[in-house]
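Notes follow once the structure below has been shown.
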Amino acid sequence: MDQEVGRRERVPEGRPRPSSWEGQSMRRGFKIFPPRPPRETVEEKAILRLQCGNEAPIVVRNRSEGGFMAETGRFVWIGSSISVDWPGCGVRQAQVRWALPGRFGAAFQEG
């Protein structure tokens, strides 16, 4: 059994596969993605800065080399550009990838 298990995306029945899937591994109607980078469970307080200039406290619950998940009482929009100020680590730019009431996930941006 393979130790690396990738994420899967269901291919809807009777629908053509997007051309971007050409040459990629398909098995029983699922697209196999590479494994995600490992997550580090943390509980770090930080400051969220929105594009409009507003700030809010957050608690970062997990992070990886590509992003993080945090809890906050502030609503953030999916797709918005944010910056996070980690005490002792500096400011990192990120983009919100998903959001639920009370928490969100963001991917770090290069540069």
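The values are calculated or read from the model by the stated rules, or taken from the named source; none is laboratory data. Only a predicted model underlies this, so the values are computations on that prediction, with no experimental measurement involved. Every residue, glycine as well, gets a Cβ built from its backbone with ideal geometry; the counts of neighbours run over all protein chains shown.
Filtering the stretch 11-28 for residues that are modelled with pLDDT of 55 or more and assigned to a strand (DSSP E or B) leaves an empty set.
The stretch 35-75 holds strands (runs of 3 or more DSSP E) entirely within its bounds, and those carrying 1 or more residues that are at pLDDT below 90 and over 14 Å from Arg103 (Cα atoms) map to 40-50. If you go through the stretch 58-100 and keep only what is of a type outside the set (A, V, I, L, M, F, W, C) and without any contact (Cβ under 8 Å) to a residue 12 or more places away in the chain, you end up with Gly88, Gly90.
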